[in-house]
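What follows draws every value from the coordinates through simple rules; no lab data is involved. Keep in mind that what you see is a predicted model, and the values were worked out from it rather than measured. We place every Cβ from the backbone using ideal geometry, glycine too, and count neighbours over all the protein chains shown.
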Amino acid sequence: ARTMPESVTTFSAIALAIFVEAMPFLAVGALLSAAIEVFVPPERLAGCLPKGTVAGIALGAAAGMLLPTCECGVVPVARRLMDKGVPPHVAVAYMLAAPVVNPVVLVSTWVAFQGKPSMVAGRMLMAAGIAMLMALMARRMGSILKASYHAANHSDGCSHHVHDALSGAGACHASANKISLAAKFWSVLRHGGHEFMDMGRFLIVGAVAAALFKTFLPQEVFLAVAGSPVLQIAGMMVLAVLLSVCSEADAFVAASFQPFSNASQLAFVTIGPMVDLKLIGMYAVTFKRTFFWTLMLGPALLVFALSITFGMIL
């Protein structure tokens, strides 16, 4: 057994290592998200969508490769997309897939799991597949947005704030066009800095929690959970929801849990970007109750089942 000074040293080293490894990807993700918000107004996308349901959903799920967005900000983006004419099922596919199906997250997953292609491909395919299934359910449900959201987002008038014009949230494109390129780049840095600080809090919480579990959790409890594939997957899913680590950094937290299986680590990095504490609140104020519970239960059941299948295959 470690002495207390040794335990504190181990805890500090683990937490710091996780944070330092993940921080560059978090910074890049924040800057990319800010650049997309400033330079790519969502209303431009509505006219580029295919008419077919399946094609639209597939495009929505794949759009994260071009419009990477962390789950911290993907719900507001999805709401703006719907407000600008993008069909709700396409926006839902984007909302659930984009935090995972984007270059920054896939590279961070590759680095965190030391170049295991099965983890990168498994995460991408599982997230995209679940996003498309949930989008099809949204298509069948018809109206999924709360009436209060529609009322709040269809009022007349024009935003007088430069922030709204730059972010694409306002309706005054003429004002946005008058903003200089230098001002837009400054806005990217400013928004990216804010987003990095917001997301960084959750990375710190995740790194500290992972280090606490690894350092101070009684070995008997750890081994009991680690000895059951089903408990591993369920436990890591619950942990992902509670820790709410951003998708650019969660692979480093998941990879730090050894000797947990790849299947349980995959469950951690797949469910977190779809259902966590910060997303639950945003879902609740955006979607009707029926679709809200669909978003809560659907991804959880699918991730659990697919992770067990992944563990049996590999």
Taking a ≥ b ≥ c as the square roots of the eigenvalues of the Cα gyration tensor of region 193-314, is the shape rounded (a/c under 1.5), prolate (a/b larger than b/c) or oblate?
oblate
Can you compute the modelled spin-label distance between residue 39 and residue 179, with each label point 7 Å from Cα toward Cβ, in nm?
1.4 nm
Two-site label geometry, residue 313 and residue 222: point separation in nm, points 7 Å out along Cα→Cβ
3.1 nm
FRET efficiency (residue 290, residue 242; Cβ distance; R0 30 Å; to 0.05) is 0.75
Please turn the phi angles of region 125-142 into ³J(HN,Hα) values with the Karplus equation 6.51 cos²θ - 1.76 cosθ + 1.60 (θ = phi - 60°), one per residue in order, whole Hz, x for glycine and proline.
5, 5, 5, 5, x, 5, 4, 5, 5, 5, 5, 4, 5, 5, 4, 6, 6, x
Distance (nanometres) between label positions extended 7 Å along Cα→Cβ at residue 280 and residue 16
3.4 nm
By how many nm would the segment from residue 66 to residue 297 lengthen if fully extended, with 0.36 nm per residue of separation less the alpha-carbon distance?
80.3 nm
Note, ³J(HN,Hα) from phi for region 52-61, Karplus 6.51, -1.76, 1.60, rounded to Hz, x at Gly and Pro:
x, 5, 5, 5, x, 5, 4, 5, x, 5
For residue 145, which sequence-distant residues (separation of 5 or more, or a different chain) have an amide H within less than 5 Å of its own amide H, given hydrogens modelled in the peptide plane?
288
